[in-house]
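Q: Sharing a structure, written as structure tokens. Questions coming.
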Amino acid sequence: MTEEGKEVRILLVDDHPLVRDGLRARLEAAPRLRVVGEAGSGQEALDQAGACRPDLVLMDVNMKGGSGIEATARLTACFPGIAVLILSMHDKPEYVTQAMAAGARGYVLKDAPGKDIVLAIDTVMGGGIYYSAALARQLAGPAAPDGLLTLREQEVLEHIAAGQSNKQIARALALSVRTVETHRLNIKRKLGIEGQAELIRFAVQRSESRAYA
């Protein structure tokens, strides 16, 4: 998460002015968030990024004059210190995969509640990766969640599949119990999983599918 009280400077990129107006209102309702620029195309985004030096770019995917995914690749190459968060109406997994390959740090759907967009910004600015829960469920089939999870989270998931408790996992991986609990929470958030029973079922299904792969 972002450092409490620290301002986040945001550049909005969308080719519809009304959409940008709505986003600005939603974001600036949070005191820590400040919109410092707007752009209606990928090229404008690059120009504005150089001019206003935002901390984060909120990028649409489909825009007149070029793809937001292409713009993300150019922007992250030119300004590696600026984080890019995709905000799109499209929930196709291939868009998410392409966006992350281009350097985006997260992907949020436009119909997400305002609090989810703020959470996504906080997560990305804190060094994490964020997906809307609906997207995470699509991306994380039992056989292939690994692109969403860190290596340590994958290890924890394997131990969960073996029926081990947090204490047993902590002992096996030389971690604290609190750290294991944090990994469990992160796994559930990334995969859009609600409860412990669902997490265990997912871990077991994943383990079985990998065993027969």
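The values are calculated or read from the model by the stated rules, or taken from the named source; none is laboratory data. The structure displayed is predicted, hence computed values, not measured ones. Neighbour counts run over all protein chains shown; Cβ positions are idealised from the backbone, glycine included.
Q: Among residues belonging to region 6-31 that are modelled with pLDDT of 90 or more and basic (Lys, Arg), point out the one that is nearest to Thr123 (Cα to Cα).
A: Arg9
Q: Going by what's in this entry, would Glu94 be described as within 28 Å of Asn186 (Cα to Cα), more than 16 Å from the chain's Cα centre (by Cα) and without any contact (Cβ under 8 Å) to a residue 12 or more places away in the chain?
A: In short, no.
Q: I'd like the full set of residues that are surrounded by fewer than 19 Cβ atoms within 10 Å (Cβ to Cβ), touching a helix residue (DSSP H, G or I) at 6+ places or on another chain (Cβ under 7 Å) and at pLDDT below 60, limited to region 138-151.
A: Across region 138-151, the qualifying residues are Pro142, Ala143, Asp146.
Q: Out of contact with any Gly (no Cβ under 8 Å at 6 or more places or on another chain), at negative phi and of a type outside the set (Asp, Glu): which single residue out of Val108, Val84, Val61 fits that description?
A: Matching residue, one of Val108, Val84, Val61: Val108.
Q: In addition: Which residues, taken from region 112-127, are under 15 Å from Leu58 (Cβ atoms) and part of a loop (DSSP other than H, G, I, E, B)?
A: Ala112
Q: Confirm whether Leu185 is at pLDDT 70 or above, under 20 Å from the mean Cα position of the chain (by Cα) and closer than 28 Å to Ser88 by Cα.
A: yes
Q: Within region 120-132, take every residue that is more than 8 Å from the chain's Cα centre (by Cα) and surrounded by fewer than 17 Cβ atoms within 10 Å (Cβ to Cβ) and give me the one that is farthest from Val8 (Cα to Cα).
A: As a first pass, look at region 120-132 and keep what is more than 8 Å from the chain's Cα centre (by Cα): 121-122, 125-127.
In the following step, the residues that additionally are surrounded by fewer than 17 Cβ atoms within 10 Å (Cβ to Cβ) were identified as 126-127.
Values: Gly126: 11, Gly127: 13 Å.
Within region 120-132, the match that is farthest from Val8 (Cα to Cα) is Gly127.
Q: A follow-up question, please. Does Gly50 satisfy being out of contact with any strand residue (DSSP E or B) (no Cβ under 9 Å at 6 or more places or on another chain) and modelled with pLDDT of 90 or more?
A: yes
Q: Would you please name the residue that is farthest from Asp14 (Cα to Cα), looking only at residues in region 42-101 that are polar (S, T, N, Q) and surrounded by fewer than 16 Cβ atoms within 10 Å (Cβ to Cβ)?
A: Looking at residues that are polar (S, T, N, Q) and surrounded by fewer than 16 Cβ atoms within 10 Å (Cβ to Cβ), I get Thr97.
Q: Checking Gly163 against (1) in a helix (DSSP H, G or I); (2) at pLDDT 85 or above: exactly one of these is not met. Which one?
A: Gly163 satisfies every listed condition except (1).
Q: Being crowded, with 18+ Cβ neighbours inside 10 Å, β-branched (Val, Ile, Thr) and in a helix (DSSP H, G or I) is the filter here; which residues of region 176-200 pass it?
A: Matches in region 176-200: Val180, Ile187.
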